[in-house]
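What follows is one structure encoded as structure tokens, with my remarks underneath.
The values are calculated or read from the model by the stated rules, or taken from the named source; none is laboratory data. These numbers come from a predicted model, not from an experiment. Heads up, the Cβs are rebuilt from the backbone with ideal geometry, glycines too, and the neighbour counts pull from every protein chain shown.
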Amino acid sequence: MQIQATDKSILDWTGDILALGFYEGATELTGDLAQLDEKLAGTLQELIADEEFEGKTGTSAVTRISGPNNVRKLILIGLGKEDDIKAATYRTTAAAIARLATKDKTLGISLPLSSEVSDVAQAITEGIHLALHQDNRFKSEPEDKAPKLETIDIFGVSGQEAGINKGETIVSGVILARELVNAPANEVTPVTMAETAQQLATEYGLEIKILEQADCENFEQGMGAYLGVGQASDIPPKFIHLTYKPQGTAKRKLAIVGKSLTFDCGGLNLKVGGSGIETMKMDMGGGAATLGAAKAIAQLKPDVEVHFICAATENMISGKAMHPGDILKASNGKTIEVNNTDAEGRLTLADALVYAESLEVDAIVDLATLTGACIVALGNNIAGLWSTDETLGNEVKTAAETAGEKFWQLPLEDKYFEGLKSKIADMKNTGPRAGGSITAALFLKQFVKDTPWVHLDIAGPVWSDKPEGINNAGGTGFPVKTLVEWVIG
């Protein structure tokens, strides 16, 4: 499928289906739209009237026509109020159009362009590709519902070809993350995650280091928290460290750390029926997004050095499993009383954060499907954000706004750490039920000493039960776009 900018008028365009966008309350036909309506013998105005189309967000109207230049179908799509237009508006609008046009080969998209949005072509490109992405890898006979679109022309964005290319590059990372999350735990294991990282390193010229168990035991005081989680699994842990370095001098040195539990049964605090154990293949969503961001950033080549870290393992049960009540020692020497083996992600992240800080980076962002409490607080569409540094937190929030991904900042309420204190160790791995996502963030804070740090709890948005916006059912690739926008600035 080829997406391209065109400087043609909608009156001269040749293709199967033409999509026209309208702001809410701005459906009066003027200029080229009025001339098109005249060519169509009033069909456009009639469609607006018959469907009572007002341009409201999420509304559309479709009709078949005998149009000029062999156009066979017309789509009207609403963008909502002009004052509310953002890049995300164009992204979701393009996704809606793409789903309505999957049976056609050529599509033209003409949307009103807001002077407040500079990256319209990029947003449209991302929306189209992500809406049309299908993951049928595990079906023996996939249904023949693949989109037939071959060419998509975007009107009015000549000169934004770089935005189209950037959008397609970012999409490649999002799709990698989606497919890693979608794959079952017998396909994506710590070993295959490491193999995927090696493939990225080979294809895109990244440096790679895979720390085996012995390497992790020898790092500083030993990665006892990370290794404790994985000790029941028959599959060895793989601590993945990918590095992108620019050709010239790097203006910043950053680290992205993704929780990478390829399967989480809860350990001896076993997840029981109704707990969602069958969905725990998605518990490596943070690591998937980390590798997806690595793929996109390696192609975009910003003048920033970036370290991508995934402490990959499984949380399983066996005679070797960590017990509730065990005490683990992280690589910075801090001791942890394990009062719940199902709060394992923070244990793996503890050692990963210590490792990231040892690289002497300027900032660290970790991302994790960490707590159900964050879903209770913010729902399925908004991720939580915590930060020790206001400037860094604002950078990530600005990047998220550009990317069209939603975060809400919650406090690092130090008083709540009282609930994590242990009588026999430095801390427990879980606190009281109240404020569970905040105490999880406070736990992680103990493993970042001086470096500006942001923690992202992505438990809700990493998965979608149904097609919505740019997402299809399954892994969403959240928040690859935010990470990329943050890195490239």
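Among the residues that make up the stretch 473-485, is at least one of them more than 21 Å from the chain's Cα centre (by Cα) and of a type outside the set (Phe, Trp, Tyr)? Spell out the reasoning first.
Looking only at the stretch 473-485, we keep the residues that are more than 21 Å from the chain's Cα centre (by Cα), and these are none.
No, there is no match, as no residue in the stretch 473-485 is more than 21 Å from the chain's Cα centre (by Cα) and of a type outside the set (Phe, Trp, Tyr).
For the structure I just gave you, tell me whether Glu314 is touching a Ser or Thr at 6+ places or on another chain (Cβ under 9 Å) and over 18 Å from Thr189 (Cα atoms).
Values: touching a Ser or Thr at 6+ places or on another chain (Cβ under 9 Å): yes; over 18 Å from Thr189 (Cα atoms): no.
The answer is no for Glu314.
Can you tell me which residue among Lys271, Lys253, Lys245 is surrounded by fewer than 18 Cβ atoms within 10 Å (Cβ to Cβ), in contact with an Asp or Glu (Cβ under 7 Å, 6 or more places away or on another chain), closer than 21 Å to Arg346 by Cα and in the same structural domain as Asn429 (by TED's automatic domain parsing)?
On the way: Lys253 fails: closer than 21 Å to Arg346 by Cα; Lys245 fails: closer than 21 Å to Arg346 by Cα.
Result of the check over Lys271, Lys253, Lys245: Lys271.
Please enumerate the residues belonging to the stretch 366-385 that are within 23 Å of Ala88 (Cα to Cα) and in contact with a helix residue (DSSP H, G or I) (Cβ under 7 Å, 6 or more places away or on another chain). Write out each step before concluding.
Going through the stretch 366-385, the residues within 23 Å of Ala88 (Cα to Cα) turn out to be 367, 375, 378-385.
Leu367, Gly384, Leu385, listed by residue number.
Here are Glu395, Glu405, Glu418, Glu390: which of them is more than 23 Å from Leu328 (Cβ to Cβ) and surrounded by fewer than 19 Cβ atoms within 10 Å (Cβ to Cβ)?
So the residue among Glu395, Glu405, Glu418, Glu390 that is more than 23 Å from Leu328 (Cβ to Cβ) and surrounded by fewer than 19 Cβ atoms within 10 Å (Cβ to Cβ) is Glu390.
Is it the case that Gly285 is crowded, with 24+ Cβ neighbours inside 10 Å, within 14 Å of Ala459 (Cβ to Cβ) and touching a helix residue (DSSP H, G or I) at 6+ places or on another chain (Cβ under 6 Å)? Walk me through how you get there before you give the answer.
Details: crowded, with 24+ Cβ neighbours inside 10 Å: yes; within 14 Å of Ala459 (Cβ to Cβ): yes; touching a helix residue (DSSP H, G or I) at 6+ places or on another chain (Cβ under 6 Å): yes.
Here the answer is yes, as Gly285 does meet what is asked.
Residues of the stretch 423-434 being part of a loop (DSSP other than H, G, I, E, B), surrounded by 15 or more Cβ atoms within 10 Å (Cβ to Cβ) and of a type outside the set (A, V, I, L, M), which ones? Can you show your working first?
As a first pass, look at the stretch 423-434 and keep what is part of a loop (DSSP other than H, G, I, E, B): 423-426, 429-434.
Adding the requirement that they be surrounded by 15 or more Cβ atoms within 10 Å (Cβ to Cβ) leaves 425-426, 429-431.
Correct list: Asp426, Asn429, Thr430, Gly431.
Out of the residues in the stretch 355-365 meeting the condition of being buried (at least 24 other Cβ atoms within 10 Å of the Cβ) and among the hydrophobic types (A, V, I, L, M, F, W, C), tell me which one is farthest from Lys449 (Cα to Cα). Steps first, answer last, please.
Within the stretch 355-365, the first condition is being buried (at least 24 other Cβ atoms within 10 Å of the Cβ), and the residues that meet it are 355-356, 364-365.
Still in the list and also among the hydrophobic types (A, V, I, L, M, F, W, C): 356, 364-365.
Details: Ala356: 11, Ile364: 11, Val365: 14 Å.
It comes out as Val365.
When you go through Ser110, Ser66 one by one, which is the residue that is over 29 Å from the mean Cα position of the chain (by Cα) and of a type in the set (Gly, Ala, Ser)? Quick ask: steps written out before the conclusion?
Numbers: Ser110 fails: over 29 Å from the mean Cα position of the chain (by Cα).
None of the others qualify; the one that does is Ser66.
Only one of (1) within 30 Å of Phe407 (Cβ to Cβ); (2) in contact with a strand residue (DSSP E or B) (Cβ under 9 Å, 6 or more places away or on another chain); (3) not polar (S, T, N, Q) fails for Asp32. Which number is that?
The number of the failed condition is (1).
In the stretch 184-236, which residues are touching a Ser or Thr at 6+ places or on another chain (Cβ under 7 Å) and either under 28 Å from Gln299 (Cα atoms) or without any contact (Cβ under 8 Å) to a residue 24 or more places away in the chain (or both)?
Within the stretch 184-236, Val188, Thr189, Pro190, Met193, Leu206, Glu207 meet the criteria.
Of all residues in the stretch 435-489, which are part of a helix (DSSP H, G or I), touching a strand residue (DSSP E or B) at 6+ places or on another chain (Cβ under 6 Å) and small (Gly, Ala, Ser)?
The answer is Ser437, Ala441.
When both residues are 6+ apart or on different chains and their Cβ atoms are under 8 Å apart, which pairs have a first residue that lies in the stretch 379-400 and is within 15 Å of Pro461 (Cβ to Cβ), and a second that is assigned to a helix (DSSP H, G or I) and basic (Lys, Arg)?
So the pair list comes out as Leu385/Lys397.
Within the stretch 283-321, count every residue that is part of a loop (DSSP other than H, G, I, E, B) and within 13 Å of Leu206 (Cβ to Cβ). Can you show your working first?
Taking the stretch 283-321 first, the residues part of a loop (DSSP other than H, G, I, E, B) are 301-304, 316-321.
So of that shortlist, the ones also within 13 Å of Leu206 (Cβ to Cβ) come out as 301.
Matching residues across the stretch 283-321 total 1.
Would you mind stating whether Pro237 is modelled with pLDDT of 95 or more, crowded, with 24+ Cβ neighbours inside 10 Å and over 20 Å from Ala400 (Cα atoms)?
Values: modelled with pLDDT of 95 or more: yes; crowded, with 24+ Cβ neighbours inside 10 Å: yes; over 20 Å from Ala400 (Cα atoms): yes.
Yes: the conditions hold for Pro237.
For Glu390, all conditions in the list (1) in contact with a His (Cβ under 7 Å, 6 or more places away or on another chain); (2) under 15 Å from Ile364 (Cα atoms); (3) not small (Gly, Ala, Ser) hold save one; what is the number of the exception?
Just one mismatch for Glu390, condition (1).
Going by the conditions given, is Thr43 surrounded by 15 or more Cβ atoms within 10 Å (Cβ to Cβ) and within 27 Å of the chain's Cα centre (by Cα)?
Numbers: surrounded by 15 or more Cβ atoms within 10 Å (Cβ to Cβ): yes; within 27 Å of the chain's Cα centre (by Cα): no.
No, not satisfied.
Taking the criterion of being touching a Leu at 6+ places or on another chain (Cβ under 6 Å) and farther than 19 Å from Ala377 by Cα, would at least one residue in the stretch 460-470 satisfy it? Full working, then the answer.
Of all residues in the stretch 460-470, those touching a Leu at 6+ places or on another chain (Cβ under 6 Å) come to 470.
Adding the requirement that they be farther than 19 Å from Ala377 by Cα leaves 470.
Yes, that holds for at least one residue.
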